[in-house]
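Below you'll find the structure, written out as structure tokens, and then a few comments.
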Amino acid sequence: MKALVYTQHGLPIADPRSLQETELPMPLAGPHDLLVEVRAVSVNPVDTKIRNGAPVTEPRVLGWDASGIVRGVGSSVTLFKEGDEVFYAGSLVRPGSNSEFHTVDERIVGRKPATLDFAQSAALPLTSITAWELLFDRLKVAEGGGEGKSLLVIGAAGGVGSILVQLARKLTGLTVIGTASREETRNWVQELGAHHVVDHAQPLRPQLEALGIPAVDIVISLTHTDKHYAAIIDVLAPQGQFALIDDPATLDAVPLKRKSISLHWELMFTRPMFETPDMIAQHALLNRVSQMIDEGSLRTTLGQHFGRINAENLRRAHALIESGRAVGKIVLENF
């Protein structure tokens with residue numbers, strides 16, 4: 001089968017060797033696995049981080065977002081059958097989805113939204129899981145709860161922010177404030193349903209005070225946490241909650257003590273990496289997201305379609321992710 005791989009970490013994305021097309025053996029499905037014919041993939045910051053920072057001794061396939069058709073099932077599979085259309089994000093400790101066929105544990109796979117095509121569906125899994133787990137598993141916001149409280153999302157126009165803003169508006173009573181620094185991204189965040197949009201390139205406190213919000217109850221930081229950390233602590237209310245997903249070189253938790261701020265870190269790969277007892281929760285939440293899409297209460301976060309799944313287009317996608325200027329998700333479709 002065709003696969004897109006890197007064989008040397010740390011190469012600049014402009015180097016044709018940074019991502020290459022090769023032929024690999026067809027994967028074999030384990031007991032809980034689905035063998036999926038991959039129809040579309042999307043690109044996430046994790047792809048670029050691993051390509052840049054994870055040494056390899058053999059070709060490694062990246063890709064942690066896919067949609068496709070089930071072409072085979074393992075001996076213990078009960079949730080899906082051959083021919084089913086699915087979407088999922090996979091596991092960091094297994095080969096990625098940038099290949100014609102891919103095996104994935106059924107417990108982290110959802111039913112593809114019937115009202116979306118494969119490209120639109122591939123934009124959703126990783127960010128939907130991350131956003132859902134942030135709100136409902138890490139921060140323990142109750143569905144329908146949060147009335148009278150505020151949520152500030154740093155970097156709301158990116159992939160995770162684009163679905164997080166929607167979930168918070170549709171499933172909670174929180175006042176949702178997104179940050180964006182360009183007209184294009186501000187408009188995007190407003191379209192997704194944020195009550196307010198502020199500029200993270202400017203001091204946050206005066207902008208929030210101008211909205212009549214002297215302090216926020218929850219901050220979720222999705223990017224450049226180290227740059228915004230002092231401002232985040234400043235605008236958080238005493239006994240507030242702070243959650244993040246990115247990778248600051250260091251994070252000093254001591255400044256959180258004075259306000260008794262709780263700290264929450266989210267990695268959507270934790271459940272599949274450790275095969276936690278509640279791993280199947282990702283299957284359930286993806287099905288819920290699919291249902292909400294089909295009901296019209298959520299929309300895909302596809303930002304740009306980069307064409308076929310090949311090395312050249314994948315390098316273009318990595319380059320845009322690395323520029324920090326992507327809006328929504330970048331998808332590629334068909335080999």
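A few notes on this one:
For (1) among the aliphatic types (A, V, I, L, M); (2) open to solvent by 20 Å² or more (accessible area, probe 1.4 Å); (3) modelled with pLDDT under 95, each residue gets a yes or a no:
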| site | (1), (2), (3) |
| --- | --- |
| 125 | no, no, no |
| 137 | no, yes, no |
| 144 | no, yes, no |
| 152 | yes, no, no |
| 168 | yes, no, no |
| 176 | yes, no, no |
| 205 | no, yes, no |
| 209 | no, yes, no |
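Condition check ((1) part of a strand (DSSP E or B); (2) within 30 Å of residue 111 (Cβ to Cβ)) across all residues:
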site: 234; (1), (2): no, no
site: 237; (1), (2): yes, no
site: 248; (1), (2): no, no
site: 283; (1), (2): no, yes
site: 304; (1), (2): yes, yes
site: 314; (1), (2): no, yes
site: 318; (1), (2): no, yes
site: 331; (1), (2): yes, yes
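- Residues in region 289-302 that are open to solvent by 30 Å² or more (accessible area, probe 1.4 Å) and under 16 Å from the mean Cα position of the chain (by Cα): 299, 302.
- Within region 92-110, being farther than 20 Å from residue 75 by Cα and either open to solvent by less than 10 Å² (accessible area, probe 1.4 Å) or of a type in the set (D, E, K, R) (or both) holds for 96, 97, 98, 99, 100.
- Taken together, 215, 230 contain a single residue that is at pLDDT 95 or above and either under 23 Å from residue 270 (Cβ atoms) or open to solvent by less than 40 Å² (accessible area, probe 1.4 Å) (or both), which is 215.
- Within region 55-91, restricting attention to residues that are within 15 Å of residue 6 (Cβ to Cβ) and part of a loop (DSSP other than H, G, I, E, B), the residue that is most open to solvent (accessible area, probe 1.4 Å) is 57.
- All positions within region 178-201 that are open to solvent by 20 Å² or more (accessible area, probe 1.4 Å) and in a helix (DSSP H, G or I): 183, 184, 186, 187, 188, 190, 191
- Residues of region 34-54 that are open to solvent by less than 10 Å² (accessible area, probe 1.4 Å) and in a strand (DSSP E or B): 34, 36, 38, 40, 41, 42, 43.
- Subset of region 258-286 (residues that are over 18 Å from residue 167 (Cβ atoms), of a type in the set (Gly, Ala, Ser) and either under 16 Å from the mean Cα position of the chain (by Cα) or open to solvent by less than 60 Å² (accessible area, probe 1.4 Å) (or both)): 262
The values are calculated or read from the model by the stated rules, or taken from the named source; none is laboratory data. Model, not experiment: these values are computed from the prediction. Neighbour counts run over all protein chains shown; Cβ positions are idealised from the backbone, glycine included. What goes into the accessible areas is simple: the full protein's heavy atoms, side chains included, and nothing from ligands, DNA or RNA. Shrake-Rupley method; radii C 1.70, N 1.55, O 1.52, S 1.80 Å.
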